[in-house]
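Take a look at the structure set out below.
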Number of protein chains: 4
Amino acid sequence: MLESWPMLDLTVPAAVALDLAAIGRFASARGWVPATSGNFSCRIDAAHAAVTRSGIDKGNIRPEDVIAVPLSGALPPGVSAETPLHVARYRHDAGIGAILHVHTVAATVLSRCDSAGGYVELEGFEMHKSLRGVTTHEGTVRLPIFANDQDTGRLAERIEEAIGAEPAVPGYLLAGHGLYAWGASMADAQRHLEGLEFLLQCSLEERRLRR
Amino acid sequence: MLESWPMLDLTVPAAVALDLAAIGRFASARGWVPATSGNFSCRIDAAHAAVTRSGIDKGNIRPEDVIAVPLSGALPPGVSAETPLHVARYRHDAGIGAILHVHTVAATVLSRCDSAGGYVELEGFEMHKSLRGVTTHEGTVRLPIFANDQDTGRLAERIEEAIGAEPAVPGYLLAGHGLYAWGASMADAQRHLEGLEFLLQCSLEERRLRR
Amino acid sequence: MLESWPMLDLTVPAAVALDLAAIGRFASARGWVPATSGNFSCRIDAAHAAVTRSGIDKGNIRPEDVIAVPLSGALPPGVSAETPLHVARYRHDAGIGAILHVHTVAATVLSRCDSAGGYVELEGFEMHKSLRGVTTHEGTVRLPIFANDQDTGRLAERIEEAIGAEPAVPGYLLAGHGLYAWGASMADAQRHLEGLEFLLQCSLEERRLRR
Amino acid sequence: MLESWPMLDLTVPAAVALDLAAIGRFASARGWVPATSGNFSCRIDAAHAAVTRSGIDKGNIRPEDVIAVPLSGALPPGVSAETPLHVARYRHDAGIGAILHVHTVAATVLSRCDSAGGYVELEGFEMHKSLRGVTTHEGTVRLPIFANDQDTGRLAERIEEAIGAEPAVPGYLLAGHGLYAWGASMADAQRHLEGLEFLLQCSLEERRLRR
């Protein structure tokens with residue numbers, strides 16, 4: 001694999017690199033980014049975001065592992081192969097400040113289990129309130145599932161078209177792959193990620209009991 | 001969400017703030033307070049308790065995240081939306097020194113599973129003895145389940161009426177929501193919380209095997 | 001509960017207290033001693049052992065939480081209620097140097113599940129070799145289960161009579177209660193504890209699949 | 001057990017000993033090397049590898065716990081009983097730089113479950129891409145399972161003959177025993193280990209749901 005030698009990207013604010021390192025340590029301690037999987041990003045400004053380098057241990061993100069990418073135009077070398085999914089979200093929603101992607105067992109298994117229907121349905125949990133704009137446990141949350149695709153540019157187009165301008169849920173699943181979540185800030189994105197993962201764990205447990 | 005700017009509440013004793021920070025770190029490390037969920041409180045005196053601020057990471061409770069609340073009268077801004085549940089317990093039982101609320105997978109799933117019956121029944125576990133006043137594994141422990149309600153004032157009234165002056169178990173479940181536990185001291189409350197959570201995990205496991 | 005005020009027991013060697021604190025931190029981090037459950041001991045000499053105090057957090061055993069007990073005669077106040085189980089083992093087997101007792105979900109659930117038969121049967125695991133004297137994965141290991149009893153003196157007699165002078169397995173289960181394991185040294189006892197707990201986790205998982 | 005007294009093996013480069021200590025701490029924190037199980041090695045040069053000592057706690061590998069072994073000829077005393085499995089891999093594939101062996105519940109249970117068929121089949125996971133040379137989630141990965149054998153020299157011969165010169169997957173299972181994984185570097189071997197373990201956990205979870 002030919003890659004440019006990792007160099008410090010001076011256009012990434014230090015606070016952004018530190019935020020990405022912190023969320024990486026959190027996700028790694030939970031076992032949510034096994035085998036160098038997962039990727040994380042932060043918006044820098046209206047035209048740029050900072051994304052984690054491909055193939056690194058997310059539990060130990062160093063400053064040189066964070067790369068600034070333009071939200072339009074060609075991507076620099078070395079960035080995660082899933083960067084187009086991040087860029088598309090930032091372009092279509094100016095309110096997004098951070099995007100997190102992890103590989104958990106619950107997300108991977110349920111994304112395969114329910115892929116035919118196109119979503120995982122979650123009903124009546126207090127944890128719904130962890131999602132922005134949700135103020136009650138009553139009602140239903142539908143977390144979309146998209147078929148996986150190694151052409152992440154094409155996949156990003158398909159996803160953005162499907163979820164529309166105002167997605168009801170700040171996240172989606174890729175079938176057999178993992179969970180994406182975003183938010184206005186890193187704290188919001190992390191709350192959404194943790195809330196969705198908890199809901200998926202509860203759903204998985206209830207299916208075990210109900211079979 | 002309009003909130004007063006977090007300021008240090010000088011009426012909260014430092015030892016109380018440190019106790020709340022410690023239980024927060026414990027619960028966070030166990031994964032019991034995902035997505036800023038959960039809330040913790042300590043009695044300050046006969047007329048006041050200290051409660052955690054709404055929407056904070058419970059793994060990193062800072063002194064300014066702990067707010068003194070009166071046990072009668074209006075609540076100050078910024079406190080957890082579930083503060084009325086804490087206040088009602090302190091008012092009805094002068095022997096309670098601390099109250100802990102967490103969101104675990106076992107508590108959430110079993111609170112939904114058994115909500116029609118109104119309790120989770122646990123029988124014959126040595127861990128019963130972690131509960132105050134229980135001296136044997138023999139017999140049955142019934143952990144009450146209450147329907148969830150976003151009107152926490154109304155919910156508190158319903159709960160207090162149901163559990164009465166001398167509840168048999170120092171805790172209850174809110175359906176689809178999570179576990180409450182209390183005790184004469186923070187150590188007692190934590191022992192009850194850990195004991196009940198362990199019993200719920202065992203019960204969940206036994207149901208998986210028996211289906 | 002009337003207890004003598006914790007004082008440093010000067011007859012406990014410092015190395016023994018440190019060993020007990022270390023195994024306590026290990027077991028607590030694994031979640032094996034919830035709600036101040038579990039207890040640990042080390043032999044001091046032919047006539048004495050050091051046992052953990054009743055009701056303490058096993059993740060933070062302090063020197064004053066370790067109490068020397070005689071292997072014959074009356075027990076001092078404050079020791080764990082299960083001290084008679086420890087003492088009986090040390091008396092009947094001069095080769096035992098340490099005894100560990102934990103409350104895990106797998107041990108608790110399987111001890112109830114298989115209590116009628118009197119043992120959990122484990123067959124064909126490489127992990128059998130973690131047990132002293134076992135040199136192959138071939139064959140069967142039977143971990144005895146005894147009915148729980150709050151009279152731990154009477155329980156100790158029943159257990160010692162049943163397992164005999166040379167028990168095949170360095171541990172046993174108490175039904176609905178937890179796992180005991182021992183060894184010639186603290187390291188041996190910990191290896192037996194971890195090996196038996198791993199075998200129980202595998203057995204529990206296989207039962208889930210086979211139902 | 002007669003063993004030479006642990007002495008520092010001066011032919012083991014310090015960087016190799018540190019790498020082995022680091023992977024040991026990682027695997028121990030995950031609970032993948034219970035009861036002193038598991039073993040780890042690094043290639044030193046074309047004719048030597050460094051292997052962990054038998055019977056040590058893998059969470060605390062010290063420099064004197066790492067022993068240099070020749071890739072042909074007699075093994076020095078004190079090395080892990082499974083060293084022949086490591087040596088055979090290094091001899092048959094000059095591209096291997098590190099080999100890791102762990103005992104996880106998922107690997108142990110699935111290796112028994114699927115042993116008749118000779119492999120665990122994994123299909124359609126994004127995590128396939130954690131394996132060297134795999135660039136898509138499409139298709140199937142077959143992780144071989146070999147019957148366990150206490151004669152590890154004989155077992156090594158059987159395995160090498162079966163997997164051939166270019167094994168499709170950088171790892172295998174020993175039935176009822178655990179998981180082996182390797183890679184060109186320690187980082188590659190760890191990525192393969194984590195990727196395979198994640199896939200096994202997903203497969204185990206899917207079987208629970210499908211029963």
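At-a-glance table
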item: Failed criterion for B:Arg43 (all others in (1) closer than 20 Å to B:Tyr90 by Cβ; (2) assigned to a loop (DSSP other than H, G, I, E, B) hold); result: (2)
item: In region A:172-184, the residues that are more than 11 Å from chain D (Cβ to nearest Cβ) and touching a Cys at 6+ places or on another chain (Cβ under 9 Å); result: none
item: Unique match (being within 30 Å of B:Met7 (Cα to Cα), surrounded by fewer than 20 Cβ atoms within 10 Å (Cβ to Cβ) and in contact (Cβ under 8 Å) with a residue 40 or more places away in the chain) among B:Ala81, B:Ala156; result: B:Ala81
item: Residue in region D:123-136 that is more than 13 Å from chain A (Cβ to nearest Cβ) and farther than 17 Å from D:Gly183 by Cβ present; result: no
item: Some residue of region A:191-207 being touching a helix residue (DSSP H, G or I) at 6+ places or on another chain (Cβ under 6 Å), within 13 Å of chain D (Cβ to nearest Cβ) and among the aliphatic types (A, V, I, L, M); result: yes
item: Unmet requirement for A:Phe146, which otherwise passes all of (1) closer than 19 Å to D:His137 by Cβ; (2) more than 10 Å from every other protein chain (Cβ to nearest Cβ); (3) in contact (Cβ under 8 Å) with a residue 12 or more places away in the chain; (4) out of contact with any Leu (no Cβ under 7 Å at 6 or more places or on another chain); result: (4)
item: A:Val16 vs. criteria within 15 Å of the chain's Cα centre (by Cα), more than 18 Å from A:Pro84 (Cβ to Cβ), at pLDDT 95 or above and not small (Gly, Ala, Ser); result: no
item: Unmet requirement for D:Ile56, which otherwise passes all of (1) surrounded by fewer than 18 Cβ atoms within 10 Å (Cβ to Cβ); (2) in contact with a Lys or Arg (Cβ under 9 Å, 6 or more places away or on another chain); (3) among the aliphatic types (A, V, I, L, M); result: (1)
item: Pair list, Cβ < 6 Å and 6+ apart or interchain, from region B:185-211 residues that are under 17 Å from B:Ile145 (Cβ atoms) to residues that are acidic (Asp, Glu); result: none
item: Any hit, region A:92-102, residues being within 14 Å of chain D (Cβ to nearest Cβ), out of contact with any Cys (no Cβ under 7 Å at 6 or more places or on another chain), surrounded by 23 or more Cβ atoms within 10 Å (Cβ to Cβ) and under 29 Å from D:Leu131 (Cβ atoms); result: yes
item: Residue match in region A:76-94 (condition: at pLDDT 95 or above, at negative phi, aliphatic (A, V, I, L, M) and touching a Lys or Arg at 6+ places or on another chain (Cβ under 6 Å)); result: no
item: Selection count, region D:159-183, where residues are free of Cβ contacts under 8 Å to residues at least 40 places away in the same chain and touching a helix residue (DSSP H, G or I) at 6+ places or on another chain (Cβ under 7 Å); result: 3
item: Any hit, region D:103-116, residues being touching a Lys or Arg at 6+ places or on another chain (Cβ under 9 Å) and away from every other protein chain (no Cβ under 11 Å); result: no
item: The listed residue being buried (at least 24 other Cβ atoms within 10 Å of the Cβ) and over 22 Å from C:Ile23 (Cβ atoms), out of C:Leu204, C:Leu110; result: C:Leu110
item: Subset of region B:26-52 [within 15 Å of the chain's Cα centre (by Cα), away from chain A (no Cβ under 14 Å) and surrounded by fewer than 23 Cβ atoms within 10 Å (Cβ to Cβ)]; result: B:Phe26
item: Residue within region B:133-151 that is of a type in the set (Lys, Arg) and crowded, with 18+ Cβ neighbours inside 10 Å present; result: no
item: Enumeration of residues in region C:172-202 that are in a helix (DSSP H, G or I) and in contact with a strand residue (DSSP E or B) (Cβ under 6 Å, 6 or more places away or on another chain); result: C:Met186, C:Ala189, C:His192, C:Leu193, C:Leu196, C:Leu199
item: Matching entry among D:Gly183, D:Gly176 (being within 15 Å of the chain's Cα centre (by Cα), closer than 21 Å to D:Ile96 by Cα and surrounded by 17 or more Cβ atoms within 10 Å (Cβ to Cβ)); result: D:Gly183
item: Answer from C:Gly38, C:Gly55 - the residue that is at positive phi and touching a strand residue (DSSP E or B) at 6+ places or on another chain (Cβ under 6 Å); result: C:Gly38
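Yes or no, residue by residue, for (1) touching a Lys or Arg at 6+ places or on another chain (Cβ under 8 Å); (2) modelled with pLDDT of 95 or more; (3) closer than 19 Å to D:Phe125 by Cα:
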| position | (1), (2), (3) |
| --- | --- |
| A:Gly124 | yes, yes, no |
| A:His128 | no, yes, no |
| A:Gly133 | no, no, no |
| A:Thr140 | no, yes, no |
| A:Ile145 | no, yes, yes |
| A:Leu155 | no, yes, yes |
| A:Gly171 | no, yes, no |
| A:Ala189 | no, yes, no |
| A:Leu199 | no, yes, no |
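The values are calculated or read from the model by the stated rules, or taken from the named source; none is laboratory data. Here the structure is a predicted model, which means the values were calculated and not measured. A quick note on method: Cβ atoms are made from the backbone with ideal geometry, for glycine too, and the neighbour counts reach across all protein chains shown.
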